[in-house]
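To start, the structure under review is shown below, and the notes come after it.
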2 protein chains.
Amino acid sequence: MHGLMQDWPLVCSRIIDYAGRQFPAREVVDRSIEGPIRRTNYGQIRIRALKVAQGLAREGFKPGDRIGTLAWNSSRHLEAWYGIMGMGGVYHTLNPRLFPDQIAWIMNHAEDAALFADITFMPIVEKVAPLVKSLRKVIVLTDAAHMPETKLDNVVSYEEWLGGLDGDYTWYDSAEADASGMCYTSGTTGDPKGVVYSHRSNVLHALIAAQVDALGLGSREVVLPVVPMFHANAWSIAHSAPMVGSKLVMPGARMDGEAIYELLDTEKVTLSAAVPTVWLMLLQYLEETGKKLPHLRKVVIGGSACPRSMTQKFRDNYDVDVIHAWGMTEMSPLGSLGSLKPQMADLTGDALLDLKEKQGYAPFGVEMKITDDDNRELTWDGKTFGRLKVRGPAVAKAYYGGAGTDQFDDEGWFDTGDVAHIDADGYMQITDRAKDVIKSGGEWISTIDLENLAVGHPDVAEAAVIGVVHPKWDERPLLVIVRKPGREPSKEELLAYMEGKVAKWWMPDDVVFVEEIPHTATGKIQKITLREQFKDYRFPTA
Amino acid sequence: MHGLMQDWPLVCSRIIDYAGRQFPAREVVDRSIEGPIRRTNYGQIRIRALKVAQGLAREGFKPGDRIGTLAWNSSRHLEAWYGIMGMGGVYHTLNPRLFPDQIAWIMNHAEDAALFADITFMPIVEKVAPLVKSLRKVIVLTDAAHMPETKLDNVVSYEEWLGGLDGDYTWYDSAEADASGMCYTSGTTGDPKGVVYSHRSNVLHALIAAQVDALGLGSREVVLPVVPMFHANAWSIAHSAPMVGSKLVMPGARMDGEAIYELLDTEKVTLSAAVPTVWLMLLQYLEETGKKLPHLRKVVIGGSACPRSMTQKFRDNYDVDVIHAWGMTEMSPLGSLGSLKPQMADLTGDALLDLKEKQGYAPFGVEMKITDDDNRELTWDGKTFGRLKVRGPAVAKAYYGGAGTDQFDDEGWFDTGDVAHIDADGYMQITDRAKDVIKSGGEWISTIDLENLAVGHPDVAEAAVIGVVHPKWDERPLLVIVRKPGREPSKEELLAYMEGKVAKWWMPDDVVFVEEIPHTATGKIQKITLREQFKDYRFPTA
């Protein structure tokens, strides 16, 4: 027996239509790429998105076409997204921090037909555009006055282009399963893999993200997404803020402490989201200047683990609540958030900080489990760790073109590649990447836990742990140390420092000292290179 | 081009699975029908719902079968819902306030196969069951000790029935478009019409209802839904509370001021929802006893218009925020809620009360428009009123069996039968029922506005306004008055009182005095009877 409720597809044009109807005057403020702070609103953004859709359709771009964006968080970028989706196209966000040849590879793989780009990225566009055969047009997100010189063909300034359009356009009638957006994961191994969002997944993810215990977005909030739209949908804020009428404040190209502080202060931002690095810069700026954060209530921190001291500083010095979150490009991206469940509502001090170090619990719409290598589900005891697997309406079921099929199983579970434990209250904590975890005699050892412990030693600048083959135990941990300038801790001193703080059988079998540990472009330890470096190493105990 | 996100159907079993996994110990407290306050939790409710599903399946009930419930808000009722939906069945809530022959008509129309009923309703069940041919089993929501005597066959107590089941059951694999629930509208004219909810509409409606500016439900809230599950899904709370882990407090059969106060106080309820009548009883009780409401933050009031004085009392005397809401059985039911948009956040005094008299604005997922009789859309100016039409994923597209097709148009708009205006900020106010509004010389006159004005006169006990045929103006308003005991206001006095407070052409053409105005079972003025009563009336001016 069928229900008799309306067929009202979950498509993204409804989000901007809603914002334009119910919150037309609600502001969207950004630091423009050209310099000054700029103000617009949802009513204007909707009209300009209609023009974008009209313009793309008029130039022969078709529903399903991938349209790249290489842009900072700005109102123009937002207009481009809704315009692209509104004509049935697929916004394809490109990460400007990648090398130009990687960007070209990704654009060719997706067969991007057009590109919206910020003026700051024109040097990249100059290199990339000639390499992408499918690319027919570049729209530079600026006005005629600020248009950079270029030798490329088919380049136009956004404002000139919009000037020729009246917005008399009806959104394309997308189905909710149609693709709406695309983002490639920048894996440390192998080629990048394309995640393809649907209208349905974007809308559902926004409904989930806006919930009280997720981001907690309402119309009276002022939200500053520092997390980029070019990576994982700005944690849904580009969809969920217009859906509920929150004021949006966009940082543009400047994410230093002073610039972020200025927006937080002048726009009275109540809620923000960013990776730890950004908050580190802000906290430094605040300490140097003695400034405070009277308006800010909550910051959502993810992308990499939020240090305990950061949570504590925000709370103790600025009365700001930190919500530690975890997610992935493949999850749209929100997977878990560290809001307090009722049984934790009264926690304070170290107990609260202990909880806040975990990445939080899954909202409705995200299923989570941890398994061993044989896919047997493991218990939620806060200690036992295993491969973290997830399911949900905003979780990928495949990559574009069929890559990475081994990450998806028959029951729809996506293997995140992370290793985690989950406690009895449902709070998850990432303990390692699956490819880094050390398997010693059938048991798993977390390299991240060992690294965090080792860097606590006052003479250690940086620490990395890798597994090295061992004849008896399969693998054993090797601790790689960069010493602080002028310090000379011995192997024995370091091991003595760690002893008693981890299980005996977790203790590294050896310690080696190096000048430098290799890093990825985003600052993570490049363990694959490190393992390559130590491929001929043998333990003295072996 | 299709998106590549998971096929994760929006089905209701996922709600109770989520609550059972993430909030197993979160309490569900009710005033049991047998008397004492009873405590359980989502973990237990999930297990018992699995038993209900297992029991129904074992006795041969099939997916798609309609299973009636005739019950107060209680944890057992909640278990029954999730059990019924979990085996693929359709919970069909029956309103015990209807006459037994109406209940039997509705059950026969839906062909209910089984019935879950509270002990209080056994006298009704005794009358109704023999009239419903499709009915094969009655499960009385109590234990063996409290089981009433009955001559009916195939009757069992819920606890005995559950006692024979182990809950080792896998939820039926419903599609999201499958029916999940049913509720008949008790129209004042014609036969009741069946609304058929789907799994998808229930889940989406709960995601929408829980949003910050809708009900604003989070895990740390304690929610008391006085609004019955037997009518319009308890305003989604039976779905949205477990979805986010709110503690649930259920009033059972007692909704008097003292009983509600006791639950609000002992369970530290933060949020409640009910019709104005319930709040009137509570406010009287509080005034008599001098008690306060230290825990309650917010009450959602709908079902009929919330009087201004009620909003004021809650705010001034108890520091409780009133959210005026509007909805319909056909809308799952939430249609609009009077949360404050940012531009109103600082309103106080009369300006705030003026706004709070309106029924609020539509959340994302509800589209609204007002039209004239020719379906031309009318402007949102807070004055022009017209037929209120709605669209959305939790709005009906048809009634069960095809009744009432004239309420649905080709573009999917559902004609609510209400007349309303919407202001420039999107706030809607119901001004009349479409069948009651008076059409005078092509212009519309709101009977509700005139009635509200007339009852403000100190000598008036009750007022009703109906349209009576007029040779020149088609229709003109007739004011029907019940005088307060011992008072004798004249026609001239009443009209003088109203003059200047409404447009001149809205003024009633005549006033008549009666002993009594007819009412429906739910206390609304029965205008159809009143019009019948005055069908031979002619205006002196005609």
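Quick notes
- The criterion of at least 2 residues that are out of contact with any strand residue (DSSP E or B) (no Cβ under 6 Å at 6 or more places or on another chain) and surrounded by fewer than 19 Cβ atoms within 10 Å (Cβ to Cβ) is met, among helices (runs of 4 or more DSSP H) falling completely within segment A:51-148, by A:100-110, A:122-128.
- Residue tally, condition within 11 Å of another protein chain (Cβ to nearest Cβ), crowded, with 21+ Cβ neighbours inside 10 Å and of a type outside the set (G, A, S), over segment B:18-31: 4
- Counting only residues that are assigned to a strand (DSSP E or B) and free of Cβ contacts under 8 Å to residues at least 12 places away in the same chain, segment A:484-542 holds 2 of them.
- Residue list for segment B:203-219, restricted to those being within 20 Å of B:V395 (Cα to Cα) and not charged (D, E, K, R): B:V203, B:L204, B:H205, B:A206, B:L207, B:I208, B:A209, B:A210, B:Q211, B:A214, B:L215
- Going through (1) within 14 Å of another protein chain (Cβ to nearest Cβ); (2) under 21 Å from B:G194 (Cα atoms); (3) not small (G, A, S) one by one, B:W326 falls short only on (1).
- Of all residues in segment A:223-247, those satisfying the criterion of being within 15 Å of the chain's Cα centre (by Cα) and of a type in the set (S, T, N, Q) are A:N233, A:S236.
- Selection status of A:A25, in a helix (DSSP H, G or I) and farther than 16 Å from A:A117 by Cβ: no
- Residue, least open to solvent (accessible area, probe 1.4 Å), within segment A:340-350, restricted to residues that are of a type outside the set (S, T, Y) and away from chain B (no Cβ under 14 Å): A:G349
- Matching option when the condition is touching a helix residue (DSSP H, G or I) at 6+ places or on another chain (Cβ under 6 Å) and within 14 Å of another protein chain (Cβ to nearest Cβ), among B:Y82, B:Y42: B:Y42
- Tally of residues being over 21 Å from B:L280 (Cβ atoms) and either within 14 Å of chain A (Cβ to nearest Cβ) or crowded, with 24+ Cβ neighbours inside 10 Å (or both) across segment B:251-267: 1
- Test: residue in segment B:402-419 that is of a type in the set (S, T, N, Q), open to solvent by less than 30 Å² (accessible area, probe 1.4 Å) and within 14 Å of another protein chain (Cβ to nearest Cβ): yes
- Residue pairs whose Cβ atoms lie under 7 Å apart, separated by 6 or more positions or on different chains, with the first residue in segment B:394-406 and under 19 Å from B:E176 (Cβ atoms) and the second hydroxyl-bearing (S, T, Y) and crowded, with 20+ Cβ neighbours inside 10 Å, are B:A394/B:S201; B:A394/B:S332.
- Matching entry among A:P228, A:P294, A:P242, A:P307 (being in contact with a strand residue (DSSP E or B) (Cβ under 9 Å, 6 or more places away or on another chain) and more than 14 Å from chain B (Cβ to nearest Cβ)): A:P228
- Condition check for B:R476: open to solvent by less than 80 Å² (accessible area, probe 1.4 Å), under 25 Å from B:K383 (Cα atoms) and touching a residue at least 60 places away in the same chain (Cβ under 8 Å): yes
- Hey, A:D436 in contact with a helix residue (DSSP H, G or I) (Cβ under 8 Å, 6 or more places away or on another chain), open to solvent by 10 Å² or more (accessible area, probe 1.4 Å), within 29 Å of A:A398 (Cβ to Cβ) and free of Cβ contacts under 8 Å to residues at least 40 places away in the same chain or not: no
- Number of the condition not met by A:E34 [criteria: (1) in a loop (DSSP other than H, G, I, E, B); (2) within 14 Å of another protein chain (Cβ to nearest Cβ)]: (2)
- Among the residues listed as B:A305, B:A325, the single one being outside any helix (DSSP H, G or I), over 20 Å from B:L204 (Cβ atoms) and aliphatic (A, V, I, L, M): B:A305
- Candidate set: segment B:510-527, residues that are touching a Lys or Arg at 6+ places or on another chain (Cβ under 8 Å) and modelled with pLDDT under 95; chosen: the one surrounded by the fewest Cβ atoms within 10 Å (Cβ to Cβ): B:A521
- Only one of A:L293, A:L337, A:L271, A:L280 that is without any contact (Cβ under 8 Å) to a residue 40 or more places away in the chain, buried (at least 19 other Cβ atoms within 10 Å of the Cβ) and aliphatic (A, V, I, L, M): A:L293
A quick yes/no check of all residues on (1) modelled with pLDDT of 95 or more; (2) buried (at least 19 other Cβ atoms within 10 Å of the Cβ); (3) not charged (D, E, K, R):
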residue: A:L352; (1), (2), (3): yes, no, yes
residue: A:L355; (1), (2), (3): yes, yes, yes
residue: A:V366; (1), (2), (3): yes, yes, yes
residue: A:I370; (1), (2), (3): yes, yes, yes
residue: A:L378; (1), (2), (3): yes, no, yes
residue: A:G382; (1), (2), (3): yes, no, yes
residue: A:R387; (1), (2), (3): yes, yes, no
residue: A:P393; (1), (2), (3): yes, yes, yes
residue: A:A396; (1), (2), (3): yes, yes, yes
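- One residue stands out among those in segment B:1-17 that are part of a helix (DSSP H, G or I) and either touching a Ser or Thr at 6+ places or on another chain (Cβ under 8 Å) or of a type outside the set (K, R) (or both): the one that is surrounded by the fewest Cβ atoms within 10 Å (Cβ to Cβ), which is B:D17.
- Just one of the listed residues (A:Y158, A:Y169) is surrounded by 22 or more Cβ atoms within 10 Å (Cβ to Cβ) and of a type in the set (F, W, Y), and it is A:Y158.
- Applying the criterion of being more than 7 Å from every other protein chain (Cβ to nearest Cβ) and open to solvent by 10 Å² or more (accessible area, probe 1.4 Å) to the residues of segment B:209-222, the residue that is farthest from B:I260 (Cα to Cα) is B:E221.
- A:Y184 vs. criteria facing another protein chain (nearest Cβ under 9 Å), within 21 Å of A:G404 (Cβ to Cβ) and either open to solvent by 10 Å² or more (accessible area, probe 1.4 Å) or of a type in the set (F, W, Y) (or both): no
The values are calculated or read from the model by the stated rules, or taken from the named source; none is laboratory data. Remember, it's a predicted structure, so these values are computed and weren't measured experimentally. Positions of Cβ are backbone-derived with ideal geometry, glycine not excepted, and every protein chain shown enters the neighbour counts. Heavy atoms of the whole protein, side chains included, go into the accessibility calculation; ligands, DNA and RNA do not. Shrake-Rupley method; radii C 1.70, N 1.55, O 1.52, S 1.80 Å.
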